[in-house]
Protein chains: 2
Amino acid sequence: MSREENLKKFYEWVKRMSAYQMALALIGIDKQTLAPVDGSAFRDERTAILSGELFSIETDPEMAKLRKELLADEGVTGDDRKMIELYDHEINKVLSVPKDEYVAFDLLRNESYGAWLKAKNASDYSIFEPYLKKVIEAQKKMYSYRDSSLDLYDQMLDDFEPGMTREKYDVFFNRVKERLVPLIKKVTEAEQIDTSFIECEYPVELQKKYMDYMLEYLHFDKSWGYQNETEHPFTSGLCGNDIRITTKYLPERPMSALLSTIHESGHGYYMHQVAEEYDGTIFNWGISSGMHESQSRLCENYLGRSAAFWEANYPKLKEMFPEQLKGVDQEHFLAALNASEPSLIRTEADELTYPLHIVIRYEIERGLFEGTISTEGLDQTWDAMYEKYLGIKSPTARDGILQDVHWADGSFGYFPTYALGSAFAAQFVHAMRQQIDVDDLLRNSHYDVIMNWLKEHIHKYGCRYNADEIMRMATGEPFDPDYYLDYLEDKYTKLYHLG
Amino acid sequence: MSREENLKKFYEWVKRMSAYQMALALIGIDKQTLAPVDGSAFRDERTAILSGELFSIETDPEMAKLRKELLADEGVTGDDRKMIELYDHEINKVLSVPKDEYVAFDLLRNESYGAWLKAKNASDYSIFEPYLKKVIEAQKKMYSYRDSSLDLYDQMLDDFEPGMTREKYDVFFNRVKERLVPLIKKVTEAEQIDTSFIECEYPVELQKKYMDYMLEYLHFDKSWGYQNETEHPFTSGLCGNDIRITTKYLPERPMSALLSTIHESGHGYYMHQVAEEYDGTIFNWGISSGMHESQSRLCENYLGRSAAFWEANYPKLKEMFPEQLKGVDQEHFLAALNASEPSLIRTEADELTYPLHIVIRYEIERGLFEGTISTEGLDQTWDAMYEKYLGIKSPTARDGILQDVHWADGSFGYFPTYALGSAFAAQFVHAMRQQIDVDDLLRNSHYDVIMNWLKEHIHKYGCRYNADEIMRMATGEPFDPDYYLDYLEDKYTKLYHLG
């Protein structure tokens with residue numbers, strides 16, 4: 001076949017897969033938002049059938065041959081080549097493992113998840129420990145089949161953020177520890193900020209009304225996006241012009257739904273603004289965790305927690321909740337929104353202490369796979385690190401080592417991308433501020449102009465380029481964690497009036 | 001292969017198709033309720049791919065051979081045989097037509113729909129007429145490929161209600177005309193009922209609150225059913241335990257959302273209560289139009305418009321809308337809910353005049369396919385029949401012959417099932433009332449017991465048996481339209497105090 005015919009066949013295969021991916025995405029969204037619970041067994045069985053059909057299409061040997069042929073053809077360049085490479089890379093990960101081992105690993109993950117749930121409920125790490133050990137051993141074996149020049153944990157890191165290695169993360173996390181551990185200590189010793197007025201009853205019906213207003217401010221348009229409620233907020237989408245974000249309302253924590261919505265809308269904008277010709281392809285859905293998180297955190301923290309943002313939006317909030325915010329001026333409100341205090345649960349941590357939660361997980365994962373840390377006694381290792389970096393210790397394993405599901409599920413190398421996202425965001429914002437007046441735009445309800453800058457410098461590429469390439473294109477420099485640490489130091493020094 | 005192996009293979013094929021059917025059902029529901037409009041093109045293209053994949057599975061020649069083999073095996077009996085027969089019958093309809101003609105027909109339907117929409121907007125039948133003519137000719141050709149001993153229009157009638165023929169419908173509709181035309185005339189001449197208090201502003205937010213209350217009364221349980229809003233209310237489902245009903249709120253017609261919800265919940269209960277082992281098979285989703293409509297109309301008209309129903313529910317309505325219902329007692333309210341007056345639009349017609357709208361469509365369809373009526377001048381034929389049977393005439397084609405989409409879409413033989421459903425329902429209710437005290441159950445919020453009667457006598461069978469068989473099992477008699485006509489005569493004679 002000619003090159004053109006080969007490419008045509010390749011893109012037909014991509015489109016065929018995208019039909020199944022769309023159906024599975026919708027089934028997933030529906031399951032987590034609206035689907036009646038009694039239908040689960042029926043739906044899950046059919047979902048598995050569709051996943052199986054997609055798997056067969058993905059791993060079609062004829063298509064593997066086609067990709068090989070195309071990649072051997074030097075005339076295949078640019079977007080085409082990159083896309084073929086990405087699909088090939090992803091599918092080879094799966095194909096490298098013998099099928100029965102893949103199935104066995106899935107089974108083990110299920111068991112491990114069950115054990116973790118039981119352990120968490122009983123707050124007893126010893127129930128989970130044998131499974132964690134097994135999952136780690138199994139992952140080592142799964143990765144051993146791959147043809148990679150990277151060390152084991154580096155492969156895992158690369159899976160979630162292509163190009164990142166222990167070497168690079170070490171530099172990043174060492175800087176984080178160096179600068180943030182002492183800063184957090186100072187903040188902890190400073191006079192604490194009153195947050196009581198955002199930790200009281202805000203009726204959910206009214207919160208929803210304010211949310212409608214906020215979605216409008218965010219230019220999150222119903223013609224391409226939709227918000228629903230769920231237990232654990234997430235963002236998904238069927239295509240660039242069909243983005244579904246979700247939120248959860250807590251009656252006594254009004255800022256929770258609001259900030260999580262700004263966060264999820266950041267993921268949503270990313271998916272929405274990838275170049276239209278990449279729609280339904282790996283260039284859109286294959287965006288790395290770190291890059292995705294950089295955009296959600298940029299929106300949540302760098303925009304959504306800023307003074308300019310609330311100059312535009314605080315008056316309306318105060319108008320809708322006059323009792324709760326009586327006597328609270330904007331500065332006071334903003335301080336509460338940004339208050340910091342070391343706490344046990346990662347997902348509830350504030351912007352300043354959050355990266356330390358990640359440092360701990362990174363160092364443990366690294367040790368587990370390098371053999372310097374054992375699963376036995378890991379709960380104590382965990383507690384010691386919390387004590388060391390955050391000065392606190394969980395009274396229970398439930399709120400300690402058992403708080404996250406990731407390891408039970410076999411996900412190692414994922415956590416570090418959360419911290420990386422925040423740091424990427426700082427550098428992006430720094431570059432953006434040199435080109436557009438972000439604060440003025442926020443103040444004057446031109447959130448769309450900010451989103452457009454992100455589109456033109458980041459979003460439109462999808463994962464056609466990796467994080468390092470995008471960082472250089474968007475900011476003119478390689479990734480530099482000091483933008484992030486400078487930002488945090490400046491912000492919290494002012495907020496807590498530190499010397 | 002052995003019989004067992006063949007059957008196993010057959011049921012695996014059924015389950016595989018059910019996975020695609022589930023995905024397509026969900027995509028359809030989502031499209032009509034939540035999906036952002038800008039994603040349409042992407043979604044539609046992928047939906048077509050999935051439909052194509054399902055089509056390939058359905059029409060797999062190997063499976064046609066398997067069905068033939070199984071049907072030739074006299075040891076294949078009962079549910080197995082019936083199910084194989086039904087799938088075979090449905091798929092042979094499709095397989096009988098050359099593929100290119102099938103595609104051309106789909107295209108023609110699309111064009112015809114466009115022309116109808118244009119004609120309706122312009123209220124000009126002449127725009128639509130040439131397309132209607134083409135669609136009829138095309139349908140004649142499509143049916144000519146089938147191997148059937150039935151006449152053309154009888155085949156169409158049989159497609160929507162297996163076993164029904166012109167001969168049977170003639171008997172039914174002649175009785176309807178004979179008894180209802182004079183009754184409607186009397187009602188029209190009687191003193192009219194005041195309906196103004198249910199044709200005024202009922203705030204939508206409050207209507208929704210009352211709906212929550214109503215869904216509870218209907219025992220429509222969130223664990224297996226879900227209600228959403230849409231433009232044109234419908235019911236769909238992914239399986240027996242995953243039923244989605246929809247509604248539309250009109251600020252000045254509060255009874256619209258309410259009665260349409262009771263109607264849709266009737267469809268929903270049917271799908272929910274088919275025997276669990278038939279889930280995902282043609283025994284559930286293949287239920288005929290007439291039977292389905294019999295259950296939705298039973299709920300809406302025979303239960304939802306009854307005195308006993310409102311004895312339970314009127315107090316709450318009055319409590320929530322004290323201004324609108326000031327001085328309106330229950331009897332007065334019920335009279336308004338059942339008031340009758342000949343009107344132009346079928347979908348807005350009341351219970352008494354509705355069947356005459358269907359008589360008109362039936363007689364026209366019959367004439368079109370028998371060659372006694374032409375598409376030319378059909379708008380005048382239409383108007384003359386409305387004049388004759390209902391004593392009214394539309395000033396515009398928009399509210400006359402162009403009001404329904406069915407014919408533009410190539411659906412002929414469908415309309416008659418709407419009237420049939422109401423008539424079936426009357427006979428079912430008559431039988432039910434001999435076994436359980438329906439009014440007492442309605443009064444005391446035991447709607448679930450009524451639904452359970454329907455389950456045990458009708459729903460659980462799905463379409464394992466046809467309408468005639470179910471009618472005999474549930475009522476001990478063949479279908480007799482006089483139950484229906486007696487019911488209407490009795491009800492409207494009392495309501496309008498006719499002599």
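Observations on the structure shown:
- Among the listed pairs A:Lys15/B:Lys31; A:Lys134/B:Lys8; A:Lys222/A:Lys491; B:Lys141/B:Lys248; A:Lys141/A:Lys168; A:Lys31/A:Lys140, those with a Cα-Cα distance over 27 Å are A:Lys134/B:Lys8; A:Lys222/A:Lys491; B:Lys141/B:Lys248; A:Lys31/A:Lys140.
- Residue exposure proxy: B:Trp310, B:Trp407, ordered by other Cβ atoms within 10 angstrom of their Cβ from fewest to most, comes out as B:Trp310, B:Trp407.
- Shielding by partners for peptide A:277-285, expressed as the average number of C-beta atoms from other protein chains within 10 Å of each residue's C-beta, is 1.
- Distant alpha-carbon pairs in the protein assembly as shown (separation over 50 angstrom), percent: 34 percent
- Rounded to the nearest 500, the helix-only mean residue ellipticity at 222 nm of chain A stands at -21000 deg cm²/dmol, with each DSSP H run of n ≥ 4 adding -39,500 (n - 2.57).
- Each other copy holds its own label point for B:Gly367; taking that point as 7 Å from Cα along Cα to Cβ, the gaps run 8.9 nm, nearest first.
- Taking every alpha-carbon pair under 8 Å whose residues sit at least 6 apart, the stretch B:117-191 reaches a relative contact order of 12 percent.
- Beta bridges from DSSP with both residues in chain B: antiparallel share about 45 percent, rounded to the nearest 5.
- Under-5 Å amide H pairs with B:Asn228, H placed in peptide plane, nonlocal only: B:Ile245, B:Thr246, B:Thr247
- Shape box of chain B [Cα atoms, principal axes, largest first, Å]: 73, 52, 51
- Our compactness index for the stretch A:234-347, the C-alpha radius of gyration over the empirical 2.2 N^0.38 Å, is 1.24.
- Nearby lysines by direct alpha-carbon distance to B:Lys9 (threshold 29 angstrom, same-chain neighbours under 8 apart not counted): A:Lys99, B:Lys65, B:Lys68, B:Lys82, B:Lys93, B:Lys99, B:Lys460
- Residues of the stretch B:37-68 with an amide N closer than 16 Å to a point placed 7 Å from the Cα of B:Asp80 along the Cα-to-Cβ direction: B:66-68.
- Within a straight-line Cα-Cα reach of under 17 Å, A:Lys326 can be paired with the following lysines, leaving aside sequence neighbours fewer than 8 residues apart in one chain: A:Lys316, A:Lys318.
- Each Lys and Arg adds +1 at its Cβ and each Asp and Glu adds -1 at its Cβ; summed about the Cα centre, the stretch A:79-157 shows a dipole of about 340 debye.
- Each of A:Met164, A:Met271, A:Met432, B:Met320 was scored by other Cβ atoms within 10 Å of its Cβ. Arranged with the fewest first, they read B:Met320, A:Met432, A:Met164, A:Met271.
- Alpha-carbon centroids, the stretch A:228-290 and the stretch B:253-298: separation in whole Å: 35 Å
- Under 16 Å of direct C-alpha separation, and excluding same-chain neighbours fewer than eight residues apart, B:Lys494 reaches these lysines: B:Lys185, B:Lys186.
- Chain A: relative contact order as a whole-number percent, Cα under 8 Å and 6+ apart: 20 percent
- Closest approach of a chain B beta carbon to the axis mapping chain B onto chain A (residue, whole Å): B:Ala23, 2.
- Inter-copy label distances for A:Lys177: 9.3 nm (label point placed 7 Å from Cα along Cα→Cβ; shortest first).
- By other beta-carbon atoms within 10 Å, ranking A:Arg361, A:Arg443, A:Arg433 with the fewest at the front produces A:Arg433, A:Arg443, A:Arg361.
- For the stretch A:168-279, relative contact order (Cα pairs under 8 Å, six or more residues apart, normalised by length) works out to 24 percent.
- Span-like helix criteria (full DSSP H runs; alpha carbon extent of at least 30 Å along the helix axis; mean Kyte-Doolittle hydropathy of at least 0.0) are satisfied in chain A by A:415-435.
- The protein assembly as shown - charge dipole about Cα centre, Lys and Arg +1 at Cβ, Asp and Glu -1, debye rounded to 20: 220 debye
We did not get these values from a lab; they are worked out from the coordinates using the rules stated. A quick note: this is a predicted structure, and the numbers were derived from the prediction, not measured. No Cβ is skipped: glycine too gets one built from the backbone with ideal geometry, and neighbour counts run over all protein chains shown.
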